[in-house]
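Data block below; observations after.
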Amino acid sequence: MRHSNVRVWDLSPGYLSRQSLLGEHRELHGLRSILMHGKRGYARHPETLRWVGCLSGLERRHDDLAAEMRLRGYVDRTPVPPAGGATVQWPASFIDAPSQQIALLEAKYLGKSAGRIPLPSNAQELWAHHKYSVMARDPDLYREIGRRVSRMRPRAGFSALATELVMALRETPSAGRLANALDHMWGYVRDAATDEERQTASRGAAGLINAIQTAAVRCAEPYLLASTALADLAVCALNSPNRQITKSPNHQIP
């Protein structure tokens, strides 16, 4: 781990550029090794300290990174075994608040290639990116945030909303709520789906998100391609009791 670059972002990996995505994946493995084996090199680094006692959260973050990597056509050759247990433990603090992380990425990517999801410039864009991820976890919160954001001025409440959304996406959806959100997403591409995609979509939650991903990429469906849920819910589907194992599609998103 390089001291100046030790960073595990709290934002959706969809916002990360290719370099940042693969770089965080590499750094996360180094951080996990320090925590698991008591290595001293960066044991007192703030990023290391905030993940002490949160290996399950770090492993879930790895799953999120790996899902985003697969969506962009990369293969995760260093999988992390599941921690086990029903509860995922997350850090109680941020190095930088989520809204500050967005600002850091804006500066970092100025004049360069950014991530799959464009960095949001206002609360309405930020919410649009996260809608289906939140719907899958808490439909009541989904409706409440939607009403609230519709009344916001563009930058009003942006910082608080960014933090609220990061925290919401740390929750694990129930099978029923996940299926409901995936069905809404499938509606964007159902009519344009191929027979093979329809067949894949019938194979439980994992099959449905794979079909959604494949069709969204093939059709260049703009709303889904800018959704955190396109990768986020793939992780949830793999952990769903209604899942069926399907072959991961080979997507190609920059």
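Taken together, the values in this text are just the output of simple stated rules run on the coordinates, not laboratory data. All of these numbers come straight from a predicted model, not from anything done at the bench. Counting neighbours? That spans all protein chains shown, and the Cβs are built from the backbone with ideal geometry, glycine included.
For every helix of n ≥ 4 consecutive DSSP H residues, a contribution of -39,500 (n - 2.57) applies; sum these over the chain, divide by its total residues, and give [θ] at 222 nm rounded to the nearest 500 deg cm²/dmol. Please report the intermediate quantities before stating the final value.
On the way: 12 runs with 141 residues, N = 254.
Helix-only estimate at 222 nm: -17000 deg cm²/dmol.
Could you tell me which of rounded, prolate or oblate describes segment 175-238, using a ≥ b ≥ c as the square roots of the eigenvalues of the alpha-carbon gyration tensor, with rounded for a/c under 1.5 and, failing that, prolate when a/b is larger than b/c and oblate otherwise?
Working: a/c = 1.69, a/b = 1.15, b/c = 1.46.
It comes out oblate by the Cα gyration axes.
If I take every Cα pair under 8 Å that is 6 or more residues apart in segment 175-238, average their sequence separation and divide by the length, what percent do I get for the relative contact order? All intermediate terms of the calculation are to be shown ahead of the outcome.
Numbers: 57 pairs, mean separation 21.8, N = 64.
RCO, segment 175-238: 34 percent.
To the nearest 20 debye, what charge dipole does segment 175-238 have about its Cα centre, counting +1 at the Cβ of each Lys and Arg and -1 at the Cβ of each Asp and Glu? The partial results should precede the final answer.
Numbers: 5 positive and 7 negative charges, 26 e Å.
For segment 175-238, the charge dipole is close to 120 debye.
Got the relative contact order for the chain handy, in percent, Cα pairs under 8 Å and 6 or more residues apart? Display every interim value, and only then the final one.
Working: 332 pairs, mean separation 57.8, N = 254.
Over the chain, the number comes to 23 percent.
Test of the criteria: in segment 78-131, which trypsin sites (Lys or Arg not before Pro) are in a DSSP loop and have at most 10 other Cβ atoms within 10 angstrom of their Cβ?
On the way: sites: Lys108, Lys112, Arg116, Lys131; in loops: Lys112, Arg116.
Those that pass, being in a loop and sparsely packed, are Lys112.
Please state the Cα pair-distance histogram of segment 46-176 with 5 angstrom bins from zero: what percent is in each bin?
It works out to 2, 8, 15, 18, 22, 19, 11, 4, 1, 0, in whole percents.
Pop out the ³J(HN,Hα) list for segment 113-122 in order, Karplus 6.51 cos²θ - 1.76 cosθ + 1.60 with θ = phi - 60°, rounded to Hz; leave Gly and Pro as x.
5, 9, x, 5, 9, x, 5, x, 9, 7
Rounded to the nearest 10 degrees, what's the angle between the helix 175-189 long axis and the longest principal axis of the chain, both from Cα atoms, 0 to 90?
The angle comes out at about 60 degrees.
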